[in-house]
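Asks: My structure is below; once you've seen it, I'll send some questions.
The values are calculated or read from the model by the stated rules, or taken from the named source; none is laboratory data. Predicted, not measured: the structure shown is a model, and the values here were computed from it. All Cβ positions, even for glycine, are placed from backbone atoms using ideal geometry, and neighbour counts span all protein chains on display.
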Amino acid sequence: MSLRKAKIKDATEIFSILQQFALKELLLPRSLNSIYEHIRDFFVYEIDGKIVGVGSLHIYDENLAEIKSLAVKEDYHKNGIGKEIVNACLNEARELGVKKVFALTYVPQFFEKIGFKITDKSNFPQKVWMECIHCVKFNDCKEVPVVIEL
């Protein structure tokens, strides 16, 4: 078992895991091209050489970062893998000097257990006007914004 930064060779497996959740509408879809472009943002969790969990930290500026594309294969739920990935993202944000980290999630309870608080999307205009505005679910978004101060 190991948690590490993603490598280029991991992109197709990251895409496959995210796609499984996107098809169930539990995550927003990401293109393989987007994963390649942002591969340095990703962490992967491996068991016996097989990637079973993924997540990424996207930096907006010195004050704000977002945890995105957090997914753990269903057979590995309830083993603390998601929490480890989130903690790795938070540690990286601290090391970089980021002051606040947020996520948009359909499972706010998961993040609340780690110390995040439910908030309002209006606190993240960078996200809303750079990304959310282009989303097909923009006018009917059911994601809950959560945030943690570092």
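For (1) within 18 Å of K24 (Cα to Cα); (2) buried (at least 21 other Cβ atoms within 10 Å of the Cβ); (3) among the polar types (S, T, N, Q), each residue gets a yes or a no:
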site	(1), (2), (3)
I67	no, yes, no
K83	no, no, no
N87	no, no, yes
K99	no, no, no
K113	no, no, no
F116	no, yes, no
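Asks: Out of all the residues in the stretch 22-38, is one or more part of a helix (DSSP H, G or I), touching a residue at least 24 places away in the same chain (Cβ under 8 Å) and not polar (S, T, N, Q)?
Replies: The answer is yes, given that some residue of the stretch 22-38 is part of a helix (DSSP H, G or I), touching a residue at least 24 places away in the same chain (Cβ under 8 Å) and not polar (S, T, N, Q).
Asks: Something else: Would you check if there is a residue in the stretch 106-119 being at pLDDT below 95 and within 26 Å of A11 (Cα to Cα)?
Replies: Yes.
Asks: Please tell me if L70 is touching a helix residue (DSSP H, G or I) at 6+ places or on another chain (Cβ under 7 Å) and modelled with pLDDT under 95.
Replies: So L70 does not fit the description; no.
Asks: Would you point out which residue out of E92, E143 is modelled with pLDDT under 90, closer than 24 Å to F43 by Cβ, under 14 Å from the mean Cα position of the chain (by Cα) and of a type in the set (D, E, K, R)?
Replies: E143
Asks: Something else about it: I'd like the full set of residues that are more than 16 Å from F116 (Cβ to Cβ) and in a loop (DSSP other than H, G, I, E, B), limited to the stretch 50-103.
Replies: Within the stretch 50-103, E62, N63, K73, H77, K78, N79, G80, G97 qualify.
Asks: Another one. Which of the residues belonging to the stretch 120-140 are modelled with pLDDT under 60 and either more than 16 Å from the chain's Cα centre (by Cα) or not charged (D, E, K, R) (or both)?
Replies: Correct list: Q126, V128, W129, M130, C132, I133, H134, C135, V136, K137, F138, N139.
Asks: Now for a separate question. With the structure loaded, tell me whether E25 is surrounded by fewer than 20 Cβ atoms within 10 Å (Cβ to Cβ), at pLDDT 95 or above and either more than 13 Å from V72 (Cβ to Cβ) or in contact with a Pro (Cβ under 6 Å, 6 or more places away or on another chain) (or both) or whether it fails that test.
Replies: No.
Asks: Tell me yes or no: at least one residue of the stretch 27-46 is in contact with a His (Cβ under 8 Å, 6 or more places away or on another chain) and under 29 Å from S122 (Cβ atoms).
Replies: yes
Asks: Which numbered condition in (1) buried (at least 21 other Cβ atoms within 10 Å of the Cβ); (2) farther than 20 Å from F15 by Cα; (3) of a type in the set (S, T, N, Q) is the only one that N91 fails?
Replies: Every listed condition holds for N91 apart from (1).
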